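J.: For reference, the structure I am asking about is given below.
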Amino acid sequence: MDAEATHQPDLRTYLAAERTFLAWIRTGVACMGFGFVVARFGIFLHEFYLGRNVPSVQPYEPSFWIGVALIAAGVFMNVISAWHHARLVGQLNRGETTPSRPSTQAVTLALFLAVIGLAMVIYLISFPHARSHTQSNSGNKEDTFMPSIADNGIINKLSNHPVDETVAKLKSIVQTKGVMLFALIDHSGEAEKVGMKMKPTKLLIFGKPKAGTSLMLAAPGSAIDLPLKILVWEDGQDKVWVSYNSPAYLQERHRIPSELMQNITVVEGLAAKAAE
C-alpha cells in the first residue's frame with residue numbers, strides 16, 4: 001500500500017500535463033487559422049488588383065503554399081500533442097519518471113515558424129518590386145491596361161494605331177462578325193464645329209438586337225448600358241486607347257445571369273482585335 005501511494009503521482013502533475021496539452025491544441029488551432037488567412041490573402045490581392053484593372057504578377061501562389069504549410073503544421077501539431085499527452089499520462093499512471101529535457105515539439109515548431117516567417121518576409125519584399133517591374137514594362141506590350149484613378153468599371157487597352165485607323169479596323173471587325181453598328185459618334189468632330197479643340201475621340205455603338213433584348217428582359221436596368229459601346233480616344237501623350245465597360249462590372253451592376261454573359265463578353269474580343 002505504501003509503495004503504491006509512493007508511486008501515485010500528484011494531482012497537480014496531471015493538471016500541469018493537461019494545461020500543457022491544451023496550450024499545444026490552442027497553438028495548433030492558431031496555426032491553422034493563420035494559415036487560412038495567409039492562403040486567402042494572396043487571392044484577395046489578386047482579385048483586388050484585377051478589379052482595378054492593374055496588371056497582376058500572380059501574387060497568390062506563394063502565399064497559398066505558405067498558408068497550406070501553416071495549416072498542415074497545425075494539424076500535425078495537434079496529432080503529436082494528443083499522442084504525447086496520452087503517452088505522458090500512461091507513464092504517470094505507471095509511476096515512471098519522465099526526465100526533464102527540452103521539448104522537441106516546441107523546438108521543431110519554433111524552427112518551422114522561423115522558416116515560414118523568413119519566407120513571408122522575402123515574399124513581401126519581392127512582391128512590390130515584381131509588380132513595379134511589370135508595370136514599368138507594360139507600356140511595351142500590345143495589350144496594356146491603363147490604371148484607372150477610380151474603379152469605375154472601364155477597361156482601357158492601348159492601341160497600336162491612330163484613332164481613325166483603329167475605328168476603321170473596329171468597324172470592319174464588327175461587320176465581319178455580323179454585329180450591327182448603330183452609331184458612330186465623333187465627339188472631337190462635334191467639338192470642332194463649336195470652336196473647341198479636343199483630342200480625337202470617337203464612340204462606336206453596336207450590338208445584336210436579339211442578344212441585347214435577352215439581356216434587357218432578364219435585367220431591365222441593363223438597358224441604360226446597352227447597346228454595347230467602345231470608345232477610341234487619344235490622350236495628352238498622343239497614345240490611343242480602346243475603352244469599354246468591363247463585362248464583370250456590368251454583370252455585378254445589373255445582376256445579369258451568368259448564362260447571358262456571352263452576350264456582352266463579345267466586346268472584349270472586339271476591343272482586343274481592334275487594338276492589335
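J.: Among the candidates 203, 215, single out the residue that is assigned by TED's automatic domain parsing to the domain that holds residue 270 and buried (at least 17 other Cβ atoms within 10 Å of the Cβ).
T.: Step by step, each of 203, 215 is checked, and only 215 is assigned by TED's automatic domain parsing to the domain that holds residue 270 and buried (at least 17 other Cβ atoms within 10 Å of the Cβ).
J.: Which of the numbered conditions does residue 252 fail, given that it passes all the others? Conditions: (1) of a type in the set (D, E, K, R); (2) out of contact with any Ser or Thr (no Cβ under 8 Å at 6 or more places or on another chain); (3) touching a residue at least 40 places away in the same chain (Cβ under 8 Å).
T.: (3)
J.: Tell me whether the range 173-186 contains one or more residues that are at pLDDT 90 or above and within 21 Å of residue 153 (Cα to Cα).
T.: No, because not a single residue in the range 173-186 is at pLDDT 90 or above and within 21 Å of residue 153 (Cα to Cα).
J.: Still on this structure, I have one more. I need the helices (runs of 4 or more DSSP H) fully contained in the range 172-276, keeping only those with at least 2 residues that are more than 23 Å from residue 161 (Cβ to Cβ).
T.: 209-218, 247-254, 262-275
J.: Given the criterion of a type outside the set (Ser, Thr, Tyr), surrounded by 12 or more Cβ atoms within 10 Å (Cβ to Cβ), modelled with pLDDT of 70 or more and more than 12 Å from the chain's Cα centre (by Cα), identify the matching residue among 64, 21.
T.: It is 21.
J.: Further, regarding this structure: Could you please find all residues in the range 169-200 being more than 13 Å from residue 274 (Cβ to Cβ), β-branched (Val, Ile, Thr) and surrounded by fewer than 12 Cβ atoms within 10 Å (Cβ to Cβ)?
T.: 194
J.: Another question about this same structure. Please specify each residue of the range 24-49 satisfying the condition of being of a type outside the set (Gly, Ala, Ser), more than 11 Å from residue 77 (Cα to Cα) and modelled with pLDDT of 70 or more.
T.: 34, 36, 37, 38, 40
The values are calculated or read from the model by the stated rules, or taken from the named source; none is laboratory data. Quantities reported herein were computed from a predicted structural model and do not represent experimental measurements. No Cβ is skipped: glycine too gets one built from the backbone with ideal geometry, and neighbour counts run over all protein chains shown.
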